[in-house]
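Asker: The structure under discussion is supplied below as structure tokens; questions concerning it will follow.
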Amino acid sequence: MQGIHPATWLLAARSLRDFGDAFVAILLPVYLLALGFSPQQVGVIAAASLFGSALLTIVIGFLGAHQDRRGLLLAAASLMVVTGLLMSMVNNYALLLVIALAGTINPSAGSVSIFVPLEHAVLAGEVASLDRTRMFARYSLVGALASAVGALAAAVPELMAGFGLAQLTAIKLMFLLYAVVGVLGGVLYTRIPPGPAGPAPTKPAALGPSRAIVLKLAALFSLDAFAGGFVVQSLLALWLFGRFNLSVSEAGVFFFWTGVLSAFSFPVAAWLSSRIGLIKTMVFTHIPSSIALALAAFAPTLPLALALLLIRAALSQMDVPTRSSYVMAVVSEAERAAAASFTSVPRSLAAAASPALAGVLFAASFRAWPLLICAILKITYDLLLLVQFRHLKPPEES
């Protein structure tokens, strides 16, 4: 398979990973509730998984500037395999909490992952500045489409139940599938050339001249992530189950369409950013999506709530490729892995706090509050981002 661009293998691995993350994000609350745990305990598990991802991402950020990124990606894929195997065998809550903390379970079915800083650094080193945003849009597109298919796969346990298989057994088989996905992703990572992407500096740096910019971005991104943690996909599914008695298969179909809408918003984001800039694209698409989420919190009927959430899905992720591209653009090449990590870690840490709070609100029957809090905080983040960074432009906009 000579001549295939390294980014192609990485995009394929991202697709597999997001496929697995998507069905796990939907099935996780179903699995935990079936084991007899409360919504508050579901929130704690989600928080632990995000907090664990943050800690691992800190380590990855430092190692990514000095170590072979392919080797680190293979190690992360191995951890994904172990996580799936353990989740399929464990029923004890304390042990599940440990697995969530130390493993790769992703309740957000998105970009909160130890894989992300490494993949971002590899991608940024493979393309020119003018093509960078399009590459990140492609990266997000394939991941979102895979997530959409993974959301449909979440209905498999319900289908298996029709053939007499117990629900818990069927979900455990899906965790085994998650482990298989990790194996296949690892095979794809072996196709990436060893060593850091691009020419390595004589003395690799973590963060240098761009430190102040990265720290300011990290602070803002952490606010956005804290807000998003109130409605990670597992908790949004829990809200739909409790508020409208949605079935798992119906939730799978809904999240399929949110994934499709998100996927096709990424090329639009790349096109829009080439005309109005990366920062304006992030802000001017994010605010309407937050308004739709706030309205959904008070929707009296299921069709209206789903319609508003679909509008949100079509807009809310357009900042993903543009944000990734912006971070890679405003730092030096030697700082890229560390910058991706230092902007991801606060996101993961901040996002880890809010699912537990959302679980408490759900348990207390304040079901609309997590969605409303998320919307208000995200709009605040957008306005602050616009004020702070509208004048700091990437090279292609200068």
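Asker: How many of the residues in the range 262-302 are crowded, with 24+ Cβ neighbours inside 10 Å and basic (Lys, Arg)?
Answerer: Number of matching residues: 0.
Asker: Another question about this same structure. Could you grab the pairs with beta carbons closer than 6 Å, sequence gap of 6+ or different chains, first residue in the range 277-289 and more than 15 Å from residue 327 (Cα to Cα) and modelled with pLDDT of 95 or more, second one assigned to a helix (DSSP H, G or I) and hydroxyl-bearing (Ser, Thr, Tyr)?
Answerer: Matching pairs, first to second residue: 289/316.
Asker: I would also like to ask the following. Of everything in the range 241-250, what is in contact (Cβ under 8 Å) with a residue 40 or more places away in the chain and out of contact with any Asp or Glu (no Cβ under 8 Å at 6 or more places or on another chain)? Give them in sequence order.
Answerer: Residues satisfying the conditions are 241, 242, 243, 244, 246.
Asker: Would you confirm, using the coordinates I've provided, whether residue 94 is in contact with a helix residue (DSSP H, G or I) (Cβ under 9 Å, 6 or more places away or on another chain) and assigned to a helix (DSSP H, G or I)?
Answerer: No; evaluated as a whole, the condition is false for this residue.
Asker: Applying the selection to the range 120-137, what residues are in a helix (DSSP H, G or I) and within 14 Å of residue 333 (Cα to Cα)?
Answerer: Answer for the range 120-137, where residues must be in a helix (DSSP H, G or I) and within 14 Å of residue 333 (Cα to Cα): 120, 121, 122, 123, 124, 125, 126, 129, 132.
Asker: Okay, next question. Looking at residue 344, is it assigned to a helix (DSSP H, G or I), modelled with pLDDT under 95, in contact with a Lys or Arg (Cβ under 7 Å, 6 or more places away or on another chain) and not charged (D, E, K, R)?
Answerer: no
Asker: Which of the following residues is at negative phi, under 19 Å from the mean Cα position of the chain (by Cα) and of a type outside the set (Asp, Glu): 356, 297, 329?
Answerer: Step by step, each of 356, 297, 329 is checked, and only 356 is at negative phi, under 19 Å from the mean Cα position of the chain (by Cα) and of a type outside the set (Asp, Glu).
Asker: Now for a separate question. Among the numbered criteria (1) free of Cβ contacts under 8 Å to residues at least 40 places away in the same chain; (2) buried (at least 24 other Cβ atoms within 10 Å of the Cβ), which one does residue 237 miss?
Answerer: (1)
Asker: Being assigned to a helix (DSSP H, G or I), free of Cβ contacts under 8 Å to residues at least 60 places away in the same chain, in contact with a helix residue (DSSP H, G or I) (Cβ under 7 Å, 6 or more places away or on another chain) and crowded, with 20+ Cβ neighbours inside 10 Å is the requirement here; does residue 76 meet it?
Answerer: So residue 76 passes the test.
Asker: Across the range 98-119, which residue is nearest to the chain's Cα centre (by Cα) among those that are aliphatic (A, V, I, L, M) and outside any loop (DSSP other than H, G, I, E, B)?
Answerer: My answer is 116.
Asker: OK, next. Of all residues being part of a helix (DSSP H, G or I) and polar (S, T, N, Q) in the range 304-325, which is farthest from residue 393 (Cα to Cα)? Just the residue, please.
Answerer: Residue satisfying both the conditions and the ranking: 316.
Asker: Hey, among 54, 12, 7, which residue is in a helix (DSSP H, G or I), small (Gly, Ala, Ser) and modelled with pLDDT of 90 or more?
Answerer: Criteria check complete, one pass: 12.
Asker: So, one more: Between 144, 154, which is closer than 25 Å to residue 261 by Cα, aliphatic (A, V, I, L, M) and under 15 Å from the mean Cα position of the chain (by Cα)?
Answerer: 144
Asker: Turning to a different aspect of this structure: Is it true that residue 384 is assigned to a helix (DSSP H, G or I), modelled with pLDDT of 90 or more and farther than 26 Å from residue 105 by Cβ?
Answerer: So residue 384 passes the test.
Asker: List pairs: first in the range 349-369 and in a loop (DSSP other than H, G, I, E, B), second among the hydrophobic types (A, V, I, L, M, F, W, C), Cβ under 7 Å, 6+ apart or cross-chain?
Answerer: 367/239; 368/297; 368/298
Asker: Could you please let me know if residue 128 is modelled with pLDDT of 90 or more and not charged (D, E, K, R)?
Answerer: Taking the combined requirement at face value, the residue does not satisfy it.
The values are calculated or read from the model by the stated rules, or taken from the named source; none is laboratory data. The structure presented is a predicted model; accordingly, all values stated were derived computationally and were not measured. Glycine also receives a Cβ, built like all others from the backbone with ideal geometry; neighbour counts cover every protein chain displayed.
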